[in-house]
Amino acid sequence: MNFYGVTDLWTYVLGALGIVLLPGPNSIYVLAVATARGVREGYKGALGIFVGDSILLMFTALGAASLLRAYPALFMVVKYAGAAYLGWLGLTLIWAAVQKLRNKTTTVIDTESAAINMQNPFRRALVISLLNPKAILFLLSFFVQFIDPNYATPAIPFLILSSVVMVFSSLYLSILIFLGARLAKGFSQRRRLSASLSSGVGSLFVWFGVKLANASLH
């Protein structure tokens with residue numbers, strides 16, 4: 001079945017849903033922001049993710065994946081910059097957890113906000129989204145399977161596939177935001193539990209950074 005240049009829409013929909021549900025730095029960051037700062041700030045982070053993903057999708061359409069493959073040095077620069085940024089976010093979260101347990105006069109919200117500099121969650125989420133060259137490569141290798149190469153206007157199936165991913169992403173991030181806001185009520189008076197969450201999220205970011213640093217073009 002060919003739907004405006006999309007060769008197998010429902011298979012793609014199921015695959016895109018599975019991809020969106022996989023935990024990654026984007027979703028973990030939005031959850032952390034919502035838990036520390038509430039629904040409004042969580043959506044600022046989500047907006048940063050949406051903008052970053054849109055830029056990556058545009059770059060993918062313009063052949064950014066081919067550029068990264070043609071210039072491995074460029075891939076290495078972007079890859080290690082992204083890995084360093086994720087690692088730094090993770091370590092600051094872990095340090096915040098330690099400080100939270102040591103300093104009983106500092107509130108949970110204040111410590112977490114200072115730790116990952118959440119004054120501008122949109123900007124940080126945007127950087128997290130963009131500093132991931134593997135996302136461009138993955139998007140191209142995934143999308144190309146569902147686009148009819150003989151379709152007269154390739155932009156149409158690409159927009160359809162991109163829209164599906166963005167809808168799933170917005171719904172998933174909205175669930176995480178409201179979940180984080182609900183969790184915040186339980187953590188606000190439980191310093192040790194909140195510190196454990198902060199260090200756990202920080203460890204995840206460090207792991208994401210190591211995973212990205214070891215990523216290859218294949």
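The values are calculated or read from the model by the stated rules, or taken from the named source; none is laboratory data. Predicted model, so just to flag it, every value in this text is computed and none were measured. Neighbour counts run over all protein chains shown; Cβ positions are idealised from the backbone, glycine included.
Can you give me the number of residues within segment 93-111 that are in a helix (DSSP H, G or I) and at pLDDT below 65?
Looking only at that region, the number is 4.
What is the one condition in (1) touching a Ser or Thr at 6+ places or on another chain (Cβ under 6 Å); (2) modelled with pLDDT under 80; (3) not aliphatic (A, V, I, L, M) that residue 52 does not satisfy?
(2)
Can you confirm whether residue 90 is in a helix (DSSP H, G or I) and touching a Pro at 6+ places or on another chain (Cβ under 7 Å)? Can you show your working first?
Details: in a helix (DSSP H, G or I): yes; touching a Pro at 6+ places or on another chain (Cβ under 7 Å): no.
When the stated conditions are applied, residue 90 does not pass them.
Among the numbered criteria (1) of a type in the set (A, V, I, L, M, F, W, C); (2) closer than 24 Å to residue 173 by Cα; (3) out of contact with any strand residue (DSSP E or B) (no Cβ under 8 Å at 6 or more places or on another chain), which one does residue 9 miss?
The number of the failed condition is (3).
Only one of these is surrounded by fewer than 22 Cβ atoms within 10 Å (Cβ to Cβ), touching a Gly at 6+ places or on another chain (Cβ under 8 Å) and part of a helix (DSSP H, G or I): 84, 73, 32, 16. Name it.
Checking each option against the conditions leaves just 84.
What do you reckon, is residue 179 over 25 Å from residue 98 (Cβ atoms), at pLDDT 75 or above and surrounded by fewer than 16 Cβ atoms within 10 Å (Cβ to Cβ)? Walk me through how you get there before you give the answer.
Working: over 25 Å from residue 98 (Cβ atoms): yes; at pLDDT 75 or above: yes; surrounded by fewer than 16 Cβ atoms within 10 Å (Cβ to Cβ): yes.
Answer is yes for this residue.
Quickly run through segment 120-144 and pick out the residues that are in a helix (DSSP H, G or I), surrounded by 20 or more Cβ atoms within 10 Å (Cβ to Cβ), of a type outside the set (D, E, K, R) and modelled with pLDDT of 80 or more.
121, 125, 126, 128, 129, 130
On the basis of being within 19 Å of residue 37 (Cα to Cα) and either of a type in the set (Asp, Glu) or at pLDDT 80 or above (or both), does residue 148 make the cut?
So residue 148 does not fit the description; no.
Filter segment 35-56 down to residues that are more than 14 Å from the chain's Cα centre (by Cα) and touching a residue at least 24 places away in the same chain (Cβ under 8 Å), then give me how many there are.
Number satisfying all stated conditions: 6.
Name the pairs: first residue in segment 121-134 and within 16 Å of residue 58 (Cβ to Cβ) and of a type in the set (Ser, Thr, Tyr), second residue assigned to a loop (DSSP other than H, G, I, E, B) and modelled with pLDDT of 90 or more, Cβ to Cβ under 7 Å, at least 6 apart or on different chains?
Qualifying pairs under 7 Å: none.
Considering only segment 141-183, state which residues are aliphatic (A, V, I, L, M), more than 18 Å from residue 63 (Cα to Cα) and touching a helix residue (DSSP H, G or I) at 6+ places or on another chain (Cβ under 6 Å).
Those that are aliphatic (A, V, I, L, M), more than 18 Å from residue 63 (Cα to Cα) and touching a helix residue (DSSP H, G or I) at 6+ places or on another chain (Cβ under 6 Å): 164, 165, 173, 176, 177, 181, 183.
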